[in-house]
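**Student:** Pasting in a structure now, in structure tokens, and then I'll have a few things to ask.
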Amino acid sequence: MPLIKVSFLVITFLSAATFSKANPGFHFGWNGHGGNRDISFGLSPQFYQFSCPQTNDIVMSVLEKAISKDMRVAASLLRLHFHDCFVQGCDASILLDNSAKILSEKNSKPNKNSIRGLEVIDEIKSKLEEACPQTVSCADIVALAARGSTVLSGGPNWELPLGRRDSKTASLNGSNNHIPPPNATIEKLITFFKRQGLDEVDLVALSGAHTIGVARCATFKQRLYNQNGNNQPDQNLEKSFFFDLKNVCPKSGADNRISPLDFGSPSMFDNTYFKLILRGKGLLNSDEVLLTGSVKETQELVKKYAQDESLFFEQFAMSMTKMGNLRPLTGFNGEVRKNCRRVN
């Protein structure tokens, strides 16, 4: 009898391993209830351990070259992940081009003329398809690229759950309505985040991604010339900063001119963003209201993160993990696209 049991376990193990390779959407694991084995559709940092162990090395190799050529790429890839997850979960829907059945999210108000980093995702996907055909999803590539961009900019690293699958749909309407606008009040920001199951701590920590990257004049022009509909600037803007921004962003035209979100260290992932907010030098209204809005919790968090970079890094990593777990497609849901720009 013991021999039969052993043989059965070996057959079960081999079947599981074979099934996992044939169906990369599955993960066989332990369910934590007395050690009984089950099929889990959850995400796991070890998801590609056997099917494509070189996944992160390939991602980082492409990122290093891309960021060395253009430092803005890092912030663009972080933003891409954010704008993907907030629409219909972290499913790479943002990468889909227009087609007969797809209205691309790239044409939404938050994304049009501003979404970047798509060619980097294409290159990563191409190299992964060469190494491990139709194994690593575009949704996981976006998540890995966001983490890698953070690390290469001097920010924190974190254990990233993997195993997302790619959507077969996109939502232009969702992209227009679920991504927080740059002129949002603190109350609206909290509402946008709570829709996603994210709280005030996540809001402030994830806003800290603005420690790298730039913003277009169109996103902060209102603060300079007509903040409250009275043709007056935002009184919370520090005066010298206000005049510097006016030189970059005139009252009419020049909407695509750019200004760093964190002019103190625009390509370094650090806590300078929060220090600038305390000095009235947050670029976007959505940055400044974290402090000047009427919510004590966000005010206190801005002060804490300005004082303690390690605290910010720790929470940023946790909030990125939380955001990255929003409504993932797993198992037989969705697909693993061969080309990130179109469904199979």
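**Student:** Within the stretch 205-232, work out how many residues are within 14 Å of the chain's Cα centre (by Cα) and outside any helix (DSSP H, G or I).
**Tutor:** Of the residues in that region, 2 qualify.
**Student:** Out of curiosity, is Ser175 assigned to a helix (DSSP H, G or I), at pLDDT 95 or above, of a type in the set (S, T, N, Q) and within 29 Å of Met268 (Cβ to Cβ)?
**Tutor:** no
**Student:** Answer yes or no: is there a residue in the stretch 133-140 that is of a type in the set (Ser, Thr, Tyr), buried (at least 21 other Cβ atoms within 10 Å of the Cβ) and touching a residue at least 60 places away in the same chain (Cβ under 8 Å).
**Tutor:** Scanning the stretch 133-140 turns up at least one residue that is of a type in the set (Ser, Thr, Tyr), buried (at least 21 other Cβ atoms within 10 Å of the Cβ) and touching a residue at least 60 places away in the same chain (Cβ under 8 Å).
**Student:** Please list, ordered by first then second residue, the pairs with beta carbon atoms under 6 Å, 6 or more apart or interchain, first in the stretch 181-206 and under 17 Å from Pro110 (Cα atoms), second part of a loop (DSSP other than H, G, I, E, B).
**Tutor:** Once the first residue is under 17 Å from Pro110 (Cα atoms) and sits in the stretch 181-206, its partners that are part of a loop (DSSP other than H, G, I, E, B) give Pro182/Leu284; Leu189/Pro180; Phe192/Pro180.
**Student:** Here is a further query. With Thr191, Thr169 as the choices, which residue is among the hydroxyl-bearing types (Ser, Thr, Tyr), open to solvent by 50 Å² or more (accessible area, probe 1.4 Å) and within 30 Å of Cys52 (Cβ to Cβ)?
**Tutor:** Every option except Thr169 fails the conditions.
**Student:** A follow-up question, please. Residues of the stretch 296-321 being among the hydroxyl-bearing types (Ser, Thr, Tyr), farther than 16 Å from Phe269 by Cα and either out of contact with any helix residue (DSSP H, G or I) (no Cβ under 9 Å at 6 or more places or on another chain) or open to solvent by 70 Å² or more (accessible area, probe 1.4 Å) (or both), which ones?
**Tutor:** Thr321
**Student:** So for the stretch 245-260 (the condition being free of Cβ contacts under 8 Å to residues at least 24 places away in the same chain, closer than 24 Å to Val302 by Cβ and open to solvent by 60 Å² or more (accessible area, probe 1.4 Å)), does at least one residue qualify?
**Tutor:** Looking through the stretch 245-260, none of the residues is free of Cβ contacts under 8 Å to residues at least 24 places away in the same chain, closer than 24 Å to Val302 by Cβ and open to solvent by 60 Å² or more (accessible area, probe 1.4 Å).
**Student:** Now a separate question. As an exercise: evaluate Thr211 against (1) of a type in the set (Ser, Thr, Tyr); (2) free of Cβ contacts under 8 Å to residues at least 24 places away in the same chain; (3) open to solvent by less than 20 Å² (accessible area, probe 1.4 Å) and give the number of the one condition it does not meet.
**Tutor:** (2)
**Student:** Can we say Asn56 is touching a Leu at 6+ places or on another chain (Cβ under 7 Å) and either at pLDDT 95 or above or not in a loop (DSSP other than H, G, I, E, B) (or both)?
**Tutor:** yes
The values are calculated or read from the model by the stated rules, or taken from the named source; none is laboratory data. This is a predicted model, so every value here is computed, not measured. Here Cβ is always computed from backbone atoms with ideal geometry, including for glycine, and neighbour counts include all displayed protein chains. The accessibility values were calculated without ligands, DNA or RNA, using every heavy atom of the protein model including side chains. Shrake-Rupley method; radii C 1.70, N 1.55, O 1.52, S 1.80 Å.
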